[in-house]
Amino acid sequence: MTRDIRIMNTGALLELSRRLNAAAGPPVRAAMTRRIRRAAEPLRNDLQRTVRGLPIRSQGAAGRGGPSPTTRPLRATIAAAIRISVRTGGNPGARIWIDRAALPPDLRGMPKVMNTGRIRHPVFGNRRRWATQTTTPLWWESTIRQHRPRMEREIERILRDVRQRLE
């Protein structure tokens, strides 16, 4: 699973970052960071919406099962851990990622597992009895693929605007 997405044109962003340091100062850098974050927010929101609506189906017998033994909603917990970080310094770009530290210890590997489309787990913690559930595979990559062209256009427009401001 691709754990994050990075929209970067490293050469252009590095060159622009150096010029920002030399000429523009904090106000232009803050505006650029804010605009890059704003360009990435629709992708983050769509990733959160996708994971919240992800169908998880059981392959067990009909009528069996029941409510979860935990009060923690799996999909909402993962959605809340999706983050954006923007850097204009040494390695500039926008990054959307799942913050594993924001997840409970027993769910830290779950986003990667869910992205495979197959979730295998012990039934109510009983390690002698296992269940397999399925979900939409590659939900992370397909959501990113839909947003990538728009984000690349937005970043290019932001870079063009900042370059014009520096000239």
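The values are calculated or read from the model by the stated rules, or taken from the named source; none is laboratory data. Everything quoted here is computed from the prediction, not taken from an experiment. Areas reflect the complete protein model, heavy atoms only, side chains present, ligands, DNA and RNA absent. Shrake-Rupley method; radii C 1.70, N 1.55, O 1.52, S 1.80 Å.
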Hey, can you find the accessible area per residue of segment 116-167 for me, probe 1.4 Å, expressed in square angstrom?
-> 68 Å²
Where the accessible area of segment 101-167 is counted over protein heavy atoms with a 1.4 Å probe, how much of it, in %, is carbon and sulfur?
-> 50 percent
Residue-by-residue Karplus 3J(HN,Hα) for segment 45-50, coefficients 6.51, -1.76, 1.60, Hz, glycine and proline x | 4, 5, 4, 5, 4, 5
